[in-house]
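The values are calculated or read from the model by the stated rules, or taken from the named source; none is laboratory data. On a predicted model such as this, the values are computed, not experimentally measured, just so you know. Every residue, glycine as well, gets a Cβ built from its backbone with ideal geometry; the counts of neighbours run over all protein chains shown.
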């Protein structure tokens, strides 16, 4: 599982780092510390979530968001992953309302440069995605500016809930498969 984001304190807790925040939640939830792997250019932890105890590697590339594919390709090679459907990418999504979560298998890249980097380095877009809604920018604000800013209090609360749910979704994908996770998380909110 790879969580997209940008390294450094300037980007911490921005909308663009929702994927990185999900990695931190998963590592913390399972009592593991992210360790820097210079070769793969990522902070990495190995987890064995209950009840399956299946091995899951979580990573936050220390490359910038738009270059995350290089780190991911190195991690995929290191861990001998030969099926792109075993790679889960968690990222922010402008096309979803703040706090909304969707699970997706393969498909388009919707202009997301991090996903473009993934496809370029992995040679496919068949990886899984957990998309965390950050909403459209208000007024004439550009999407880039919107995702790189820290959200207000209300949006922050909604994002924190969605990030925890994204961690739940990643664990469900591991335990029960992507179809079950899609069934659970892609329902319209009631």
Would you please name the residue that is surrounded by the most Cβ atoms within 10 Å (Cβ to Cβ), looking only at residues in the stretch 49-65 that are in contact (Cβ under 8 Å) with a residue 60 or more places away in the chain and either assigned to a loop (DSSP other than H, G, I, E, B) or out of contact with any strand residue (DSSP E or B) (no Cβ under 7 Å at 6 or more places or on another chain) (or both)? 65
Candidates 162, 167 - the one that is surrounded by 19 or more Cβ atoms within 10 Å (Cβ to Cβ), within 20 Å of residue 30 (Cβ to Cβ) and touching a strand residue (DSSP E or B) at 6+ places or on another chain (Cβ under 8 Å): 162
State whether one or more residues within the stretch 106-128 are part of a strand (DSSP E or B) and touching a residue at least 60 places away in the same chain (Cβ under 8 Å). no
Taking the conditions exactly as written (at pLDDT below 95 and over 19 Å from residue 59 (Cα atoms)), does residue 111 satisfy them or not? yes
Using the structure shown, decide if residue 149 is at pLDDT 95 or above and over 20 Å from residue 58 (Cβ atoms). no
Is there a residue being closer than 24 Å to residue 179 by Cβ, in a helix (DSSP H, G or I) and in contact with a strand residue (DSSP E or B) (Cβ under 9 Å, 6 or more places away or on another chain) anywhere in the stretch 29-47? yes
Tally the residues that are surrounded by 14 or more Cβ atoms within 10 Å (Cβ to Cβ) and either in contact with a strand residue (DSSP E or B) (Cβ under 9 Å, 6 or more places away or on another chain) or over 16 Å from residue 11 (Cα atoms) (or both), restricting the search to the stretch 137-154. 2
